[in-house]
Every structure is written in structure tokens, then in C-alpha cells.
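Please read the structure below before turning to the comments.
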Amino acid sequence: MTTKAEQDILLDHNYDGIQEYDNPLPGWWSGLFVGSIVFSILYLLYHHTGVEGRSIYDEYDREAAEVFEKRFAELGELTPDKQTILKYMEDPKWLAVGASIFKANCVSCHGDGGLGNVGPNLTDDAWINVQSVEDIAKVITNGAAGGAMPAWKNRLSHPNQIVLTAAYVASLRGKGGGGKAPQGRTIPPWK
Amino acid sequence: MNDDSSPSHTQGHENAESLDRFSYDDGIVRLFFWATLVWAIVAFTVGVFIALLLVLPDLSGGLPYLAFGRLRPLHTNAAIFAFAGNALFAATYYSTQRLVKARMWSDALSRLHFWGWQLIIVAAALTLPLGITQGKEYAELEWPIDIAIAVVWVGFFGVNFFMTLKHRRERHLYVAIWFYIATIITVAVLHVFNNLVLPVDALKSIPIYAGVQDAFMQWWYGHNAVAFFLTTPFLGLMYYFLPKAAERPVFSYKLSILHFWSLVFIYIWAGPHHLHYTALPQWASALGMVFSVMLWMPSWGGMINGLLTLRGAWHKVAEDPVLKFFVTGVTFYGMSTFEGPMLSVRAVNALSHYTDWTIAHVHSGALGWNGMMSFGMLYFLAPRLFQTKLWSKKLATWHFWIATVGLVLYIVPIYVAGLTQGLMWRAFDDMGNLAYPNFVETVEAIKPMWWVRVLGGTLYLTGGVLALVNLVKTWQGRPKTYEVPVVSAPPLAREYRDPPPPAPRAEAVPEFAKRFDVWLQLAWHRIWERKPLRFSLWVTAAVVTASLFEIIPTFLIRSNVPTIASVRPYTPLELAGRDIYVAEGCYNCHSQMIRPIFSETERYGEYSKPGEFVYDRPFQWGSRRIGPDLAREGGKQSNLWQYVHLVNPRDIDENSVMPSYAFLTRERLDFRQIPPRVAAAAALGAPYGEALDHAEAMARAQAKTIADSIVAQGGPASVALDNGETIPLEETKAIALIAYLQRLGTDLYAQPAEASAQRSAGPTAGKKAAP
């Protein structure tokens, strides 16, 4: 059997019987090696010569602006007052935003659907730190009970999120059925 | 080997009348042979067990020694340092003696090396389940063991190896030896510099580096442990055993030279690609990335030289299990060294980092490359070491196929899991909200893949057991006494004349072009190959220079680690809690590094800043999110929630895969150990001031505040220890851990004045408004 290998030039190296061919570097190997070096130089020149707008932080700001635009452009900046919260309580589209935030951050204490776990049940008429609906936004913002309820003002990326979450929490009232036993005082309806 | 004693073809052996007669030390190879096999089974078994823990978190029975966070380091250390380590030693001892025609310089050093290394492994197997750890991946072993590693590696292995080279009877060093040289030198440098620590007591230390710098050093080490512990020695193994088994010459000597030097020089830069989007300065991770991209071809040089050496010998692969293992091993090497550069690209890394993709990648390297090459070597060695036929070639072939199927069943579902989870983390719905806001949802989605992984791992382990049976049976067929072949070779003559330098290949060119052409023909390298000292110095220069290019700026440029005025040292109790976090290996599942990627800040909060980590020794950024990031965990949950969650995470979320840490509520915190711990942090620059004098009292006060709040929220006031004794909640380890968790990431929002108040009062919510 004659293969290409047998026409290669053998060097006079012999290490414990191992010999070596004097084959050249494969062309594609050298080509890709040089190519990767060229790419690397261009990459560094593009990203790391101080041109504005090319850092990961610039990318981050663009992405954040884009999402905020998508989320809140039509809302503007909401104020956490009674009227606003009650308004969005009736708006299924924006309530879904509040629901998403609640799912991300609140269910671990207040349970699925706000039925309560370590934190109180949010579906009944008994409330601990809330007298009227705008208090929900205050509690979310500043926390309560010496940190048992954490403050979220630094954690949510946009103030509207607090209003919409408050609206969602308000909407949970009366949607319970079971869950944790009521805690606090019974308060009048939101409206 | 019938060619062991054949005369060498190299020049310079004129004194044929004065032949040295000697024998090779195969006893030491037999020792490393068995150690490789035994530790392989141990490493795979622990791997299968911890894979099961992820799908059945209560399997540990709540025992601290069996928790995932403690056993995962045991698995990685066993796989890397015990299994692959012993394999590379077996390869080095067997091949070096034959390649340089000399017995190992000192049989005593060889034995010291063997037994020392096994003792280190046993020490690791004892300390890691006990939670004695430095908390840095693949560098978990505590300082006394680290010193032992340095002594065994440099003092026993290194000295023995280089003295053997000095007394060699083969003029030139073969490429396998180059790779062994690079391994020994570089691993020593990496190990020593990553493990510079301040001992607190006999079993606890803190690194001299903090935060960003510690992270940089760790991944300089971590990535190059892959490079110089799992790659270069295994390339050396390949360069000896593959041509031996195939009985074919190596494809290209020139390629060996080029890919060796480019690999050694380029690899060492690549570490920071593990830190894309972190608080490490961007220029450093960018350097890490481009050097990883440039590393693709140098790595593939090894694959090409391996696979093309088999030209004309492929028919042998069909019948020889040894070659089957080697071919598969080299192929997986090629795949992982393509994937590595790809994962280092920032845009890809943004998706892959913290997911199972990395886990799939390392297992295609460890099981595919290191595992297959090691088993191929063991099957090659067995008949030679035990001087009999392999007990069953058929069983070895079965091992090969079972291992290959196991490998595929391991890595494919884990790739799918990685991609699935990575995409779920970043998914937004139409309104721009996180599509999967609850982290546990993204875990639920990949549990089926984790089950398939268990199956794949079990198959790979089964292969290992088949190897054990086969090789023990082979050993049983050994002769009563081993024959010790006497080898004869002339000593190296004092005088040696190199062949004349090559002529330039073109005449009608300027003088400098002619010189360059002569240089390109690499005769100078042939001269290096007969000068081990010069060769080793150049290797050292290559790795040290490259390292310093990244290390010096990281340490000297102040702006690389901006300080934040409101960032204060941990309180004494938080420091104790942090030590618990480190000891339990929480970093194996939780990162503490929020990347500036929008989906990430939506999930976890403001991205991490370099200045937030200046008191973190060791840094705990982590590399995998089996659970959510904890960089801004402080204040996110109530103290009671943290308590309930530690006792049983499934009381909070039934789908959680976190083990129960109820044992922390049944263990007493030793407050008397806190002052020396605070003193050590202060010695490394943390401004504790007066707190140094009453660290214990401060810790007790803070513990009481936290315990009181838990009691007020409905938690228990006292808990029963395992011995039946009842103690107040504030004296348990759980409270210290909660203190630490509640501090995480809060300093950024604290006012400087408030920060000092926090030190005694514990965390409170910050005052700064949202950005």
C-alpha cells in the first residue's frame, strides 16, 4: 500500500523508535493562524482605542433605553397616588407588567398569587401597614416592619414599576381562597 | 518494546565501545498506573453523585459532608489532580526514561513524589467534605496542603525530572519532553502565585489579593491549570504514545515546534476571558479574548500532528482499542479547542457564561480528551508493564464504546441545558418584561437534561469499572517476577558538532532575506533541543513575560479598581458569616457578579462595580448559576425568610434544588474565633479601627439584633443542637450567614455616615434613589 505519507521526507530523528517527518505546515493552518492574529489586532483597535459608544457600558445604556422606550414611552412618568393606582388596576395590559414584577420579586415571600408564605396574605381584607391603596406603593418603596418587608426603591429600574406593582397587588384583594391566615386589621375597600 | 535498546540514529555517538548498561524504573510507572485507575473511579463516582444531587437535592440527607457545595470541589479536584494528575505522571515517568535513554535520576524521589501526591489527594478528600477550603475554584486546598503540593511538585517531581534530563543519553529532546518541561515550570509558577495567602490558623487562610485582583489571579491560574495541567502534559502523552501505538512517524516536526511555542506563549494570556462583563477592567478581558482566539490554531497544531500521524494506519484503529481511545481523545481535543476560543468571544460568552454550556465544554475536554487519552495509555501500558497480554481486548473495546456513548449522553443534553437556560435568562416578553422572572422556572426547564446527564455519567463510570476489571485481570496474569530488560546506550560525548546550518533557499535576494530564510528553516531550534537549561529558560521567559503584561497593569493602575466611599469592611459577624459562605462552597452555585447586561440588572439589580469588592478575600464571583446571583441579596428578603429558606428551601419554593442548610441552625458559632479573623483582615488593610478591640462583643450584638428580628417575625427564639442542648438562636452559625447575606451589595446605596452605623446595627435599606 502506497500512501502519500510514504513519499514524505523522514528526518534522522529517532526517539525510542519514534521518527518524525519533515512535512511543511499545512497552508490552511498557517492562514488561519495569521487570520486570527489580524482579527485580534482589528478587534482591539475597534473596541479599545477610546472611541465613544463601543464599550459594554454604552451597549448597556442603549439596551436599557430601548426597553424603557418599549415599556413606558406611552405612560410617561407615573405618580404613586390613589387615582393612578386605581386607574391601572383596571387596565389588563399594564396590570400584566405589575404581575411580572410581582412574580420576579415578591412571590418568594408572598406566595403565588399573593396567598402568603413567610410574608402576609395579600388577597384578604386584613392589612398590616396599609390603610388605603396608595400605602401599598409606599410600603413597596420604603419597606416596612424594620426590613421584614424590604424597600424596593433601589432595586427596581424605573419608578413606574412601583406604581404598576402596587396596582397589581391591589387587584389581588378578594381573589384569594385559602392561603395564609389574615394578619393585621380589616380595612375598608380601595374605592 | 523491541526497539528500546536499538541504537539511536542521532549523531555524536562515536564511542560505541563504552556503552552504559542500565534499566528503566517501571515500578514507579506501575504505581502511578494503579493510582490513575483508582482515582478515576473515585472522581467519576463523586461526579455521578453530585449530578444526582442536582435532581434529587434531598439525597444528601441534610448531611453537611454530602452537600453539593462541598462535594463539587472534591469532584473537580479528584478529576484534575488525582485522575489526570496520576495519568500525566505515569506518562511522564514511562516516556521520559525511554525518550532520553536514562533511568529516573532518583528512585527515592520518584517514590516520594508518588506517595506525597497520594497523601495530598487523601488530604483533599478529607478536608473538602469538612468545608476546609480557600474558596477559589481548583485552588480550594488550604495552605498546608498547598505547601505540600509545592514541595512534591518542585522538590520531588521537578528536581527528579530535570536531573534525569541532565543525565540523559539522547542528545536532543523530543517534543513530548518539551511539553513536560512547560508543564512542570508553569504549574509551579501558577500554583505558588495564586496561593499567596495569610494563614489565620492551621486550616484557614485568606488571600493577599482582594476582589478584582484576586479574581484576576484566580482565572490566570484557573485557565492555565487547564492549559498546563490538562493540555500540555497530555500533548506530551500523545506525542509519545500515539506514534508508538500506531507505529508511524510523527506527521510534522516543524508543526511541533511552531505549535509548541505558540501554545506556550499564547495560552498564558487567555485567563481573563473567564471574566467578561465583570468588574475586571475591560481591556484585560479583551486581551484574554483575543489571545484565546489566536490560540485556536496553536491548539489545533497538536490535533493535526496527532491525527495525521495516523495516515496509513487507519486500518489499525479499527482493530486496536488503544488507537480508538487516542483518536477519539484527539478529536475531542480538537472540538474543545475550537469551542474554547468561541466561548471566549464576548458576545458568545454573554450567553454561555454562568450556564451549563461551560460544564459541557469542560467535560468534553476532561472526559473526551484527558479521559480517553488516559485510558488509551493505560491499555497500551498494561501488557508492557505486566509483561503479559491484555486480559480482554474485547472488553477494552466495549469500554471504548460505552464511554463514548456516555460522553455524548453527558455533553449533548448539557449543551441543550446551557443554551436553554441562557436564552430563558435573557428573554423579554412583548412588553419588555423578563419572560421568566422566577429563577426557579429556568431550573425546572433543564431538569430533564440533568437526568440524561446522570445516565451519561453513569455510563462513563461503567466504562471505568470495566477498565478496572480488565486491568486487574491482566495484572493477575503477570509473571512471578518481572523481567527487567537491560538497555545499553553510549553516554553523551562531551564534544558535539551540530550539522552545518542550512543554506538559504534562494540566491538572488538581499543578505537579510537570506538570513531570515535560514532562520525559518529552524536549525537554531535543533540546537536548543540539546540544551535543556536554555530551553527551560525560554519556556519560563515566555510564560512569565506574558503573565506580567497582564498582571502588572492590573495591580498598578489605581483606576482599574475605583474605590467607592460608602464601601466599608464587613462587620465581625458578617466576616464570620462570609467564612461560612466560603466553607459551604456557596460559590459553586451562586455568583456574586451582576453583569452590565440589561436582562441581568432587571433580574438582580444594579450591575456590580469594582470598588464593591475591595474587602473580598477571597472574591466570590462564582462561575455558574445553578441558583440566582447573590451580589445584591442584602435586604432583598426578610431575615425570617432567609432563615426559613436555609432550613428548607423547598418550603419557599417546592422546585428549588438547593440543599437544606438546617445543620447551620444546629451548629454553634464560635465567637472567640472572630477576633483573630478580623485581625487578619485588618492586617491586609481593612480599616477596622476600634472594632479590632471588641470584635466579639460587636458580633454578639449584631447577632442578637438579627435573631430578635427573626423572633419578632415569628421565628424560633431558641434551637436544639444535635446533642440535645438548647441554645438561643443568636448563637447559631445560621445567624452569621444571614448577617453576611443581608450585607451583600448594600454598600453601594449606603451614605458614608450611615455605613459606619451599619457596622453595629446590621444592614438597612439605603437612601439613594434609583438610578
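Calculate, for A:W28 and B:V452, the FRET efficiency according to 1/(1 + (r/R0)^6) with r their C-beta to C-beta distance and R0 41 Å; round to the nearest 0.05. If you can, show how the numbers build up before the last one.
Numbers: r = 36 Å, r/R0 = 0.88.
The calculated FRET efficiency here is 0.70.
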Sorted from fewest to most neighbouring beta carbons within 10 Å, what does the list B:D693, B:D26 look like? B:D693, B:D26
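Beyond 19 Å, what percent of the Cα pairs of region B:348-446 remain?
Values: 2790 of 4851 pairs.
It works out to 58 percent of all Cα pairs.
Can you compute the helix-only [θ] at 222 nm over the protein assembly as shown? Use -39500 (n - 2.57) per DSSP H run of at least 4 residues, normalise by all residues, nearest 500 deg cm²/dmol. Intermediate values should be presented prior to the final figure.
Numbers: 38 runs with 527 residues, N = 962.
Computed mean residue ellipticity for the protein assembly as shown: -17500 deg cm²/dmol.
Wrap a convex hull around the Cα atoms of region B:315-377, take a quarter of its surface area, and give that in square nanometres.
Details: hull surface 17.6 nm².
Average projection, Cα convex hull of region B:315-377: 4.4 nm².
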Length released on extending from A:A126 to A:H48, taking residue separation times 0.36 nm less the Cα-Cα span: 22.3 nm
Treating cross-link reach as a plain straight distance, find the lysines whose alpha-carbon is under 25 Å from the alpha-carbon of B:K480, omitting any fewer than eight places away in the same chain. B:K389, B:K393
Ignoring the sites themselves, what is the longest stretch of chain B with no trypsin sites (Lys or Arg not before Pro) in a DSSP loop and at most 14 other beta-carbon atoms within 10 Å? B:1-388
The lysines whose Cα lies under 26 Å from the Cα of A:K87, excluding any fewer than 8 residues away in the same chain, are A:K70, A:K103, A:K138, A:K153, A:K175, A:K191
Cα centroid separation - region B:569-648 against region B:424-478, whole Å: 26 Å
Within chain A, what is the longest stretch that has no GluC sites (Glu not before Pro) placed in a DSSP loop and near at most 11 other beta-carbon atoms within 10 Å? A:91-191
Per residue of region A:161-171, what does 6.51 cos²θ - 1.76 cosθ + 1.60 with θ = phi - 60° give for ³J(HN,Hα)? Whole Hz please, x for Gly and Pro, Karplus curve as stated. 5, 5, 4, 5, 5, 4, 4, 5, 4, 4, 5
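Against the globular-protein guess of 2.2 N^0.38 Å, express the Cα radius of gyration of the protein assembly as shown as a ratio, rounded to two decimals. Present the calculation step by step, with values, prior to reporting the outcome.
Numbers: Rg = 31.1 Å, N = 962, 2.2 N^0.38 = 29.9 Å.
Taking N as the residue count of the protein assembly as shown, the ratio is 1.04.
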Sorted from largest down, give the three principal axis spans of the alpha carbons of region B:217-326, whole angstrom values. 53, 26, 17
When the Cα centres of region A:120-176 and region B:366-402 are compared, how far apart do they sit, in Å? 64 Å
When N counts the residues of region A:75-186, how does its alpha-carbon radius of gyration compare numerically with 2.2 N^0.38 Å, as a ratio? 0.96
Set the Förster distance to 22 Å, then compute FRET efficiency between B:Y65 and B:L721 from the Cβ-Cβ distance, nearest 0.05. 0.80
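At most 12 other Cβ atoms within 10 Å and a DSSP loop assignment: could you name the GluC sites (Glu not before Pro) in region B:654-728 that fit?
B:E654, B:E725
Given all pairs of different Cα atoms, what value in angstroms does the Kirkwood hydrodynamic radius of chain B take?
Values: mean 1/r = 0.0358 Å⁻¹.
Hydrodynamic radius (Kirkwood, Cα only) of chain B equals 27.9 Å.
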Provide the gained length on full extension for the span B:V472 to B:A427, in nm with one decimal, where the gain is 0.36 nm per separating residue minus the Cα-Cα distance. 10.9 nm
Which of the aspartates and glutamates could a cross-linker bridge to B:K636, judged by Cα under 17 Å and excluding same-chain residues fewer than eight apart? B:E574, B:E600, B:E602, B:E606, B:D653, B:D747
Any GluC sites (Glu not before Pro) in region B:445-550 that lie in a DSSP loop and have at most 10 other Cβ atoms within 10 Å would be B:E483, B:E495, B:E507
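Once the Cβ-Cβ distance between B:K480 and B:A108 is put in as r, and R0 is 22 Å, what FRET efficiency do you end up with, to the nearest 0.05? Before the final figure, lay out the partial values.
Values: r = 26 Å, r/R0 = 1.19.
E between B:K480 and B:A108, to the nearest 0.05, is 0.25.
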Region A:33-116: D in µm²/s via Stokes-Einstein (Kirkwood Rh, Cα pairs, 37 °C, 0.692 mPa s)? 192 µm²/s
At q = 0.08, 0.13, 0.17, 0.20 1/Å the base-10 log of I(q)/I(0) from the Debye formula over the alpha-carbon atoms of chain A is -0.48, -0.78, -1.07, -1.36
Report, to one decimal in Å, the Kirkwood hydrodynamic radius for region A:16-55 based on all distinct Cα pairs. 13.3 Å
Using the charge dipole of the protein assembly as shown (Lys, Arg: +1 at Cβ; Asp, Glu: -1 at Cβ; taken about the Cα centre), state which of B:F291, B:P233, B:V452 has its Cα farthest towards the positive end. B:P233
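When Cβ neighbours within 10 Å are restricted to other protein chains, what is their mean count per residue of peptide B:167-177?
On the way: counts 0, 0, 0, 3, 0, 3, 1, 6, 4, 3, 1.
Neighbouring Cβ atoms belonging to other protein chains average 2 per residue here.
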q = 0.10, 0.12, 0.20 Å⁻¹: log10 I(q)/I(0) that the Debye formula gives for region B:630-759, counting C-alpha atoms only: -0.36, -0.52, -1.28
Among B:M658, B:I735, B:N723, the residue whose Cα sits farthest towards the positive end of the charge dipole of region B:572-761 (+1 at Cβ of Lys and Arg, -1 at Cβ of Asp and Glu, taken about the Cα centre) is B:M658
When a/c is below 1.5 the answer is rounded, else prolate if a/b is larger than b/c, else oblate, so apply that to region B:23-476 with a ≥ b ≥ c taken from the square roots of the Cα gyration tensor eigenvalues. rounded
Please report, in Å, the Rg and the Dmax of region B:143-250, where both are computed over Cα atoms only. 17.2, 56
For B:L198, enumerate residues with amide H under 5 Å from its amide H, sequence gap 5+ or separate chain, H modeled in the peptide plane. B:I206, B:I208
For B:Q673 and B:A347 in one chain, what is 0.36 nm times their gap in residues minus the Cα-Cα distance, to one decimal in nm? 112.8 nm
Region B:12-150 pair-distance distribution - Cα-Cα, 5 Å bins, rounded %: 2, 10, 16, 17, 15, 11, 9, 6, 5, 3, 2, 1, 1, 1, 0
Tell me which residues come under 5 Å, amide H to amide H, from B:F428 once H is placed; ignore anything under 5 positions away on its chain. B:A435
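Under unit Cβ charges (Lys, Arg +1; Asp, Glu -1), what dipole magnitude, rounded to 20 debye, does the protein assembly as shown have relative to its Cα centre? Walk me through the numbers on the way to the answer.
Working: 80 positive and 81 negative charges, 282 e Å.
Once rounded to the nearest 20, the dipole reads 1360 debye.
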Roughly what angle does helix B:733-743 make with the longest principal axis of chain B, taking Cα atoms, 0 to 90 degrees, to the nearest 10? 90 degrees
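No value in this document is a laboratory result; all are computed from the given coordinates. Predicted model, so just to flag it, every value in this text is computed and none were measured. Reconstructed Cβ throughout: ideal geometry from the backbone, glycine too, with neighbour counts over all protein chains shown.
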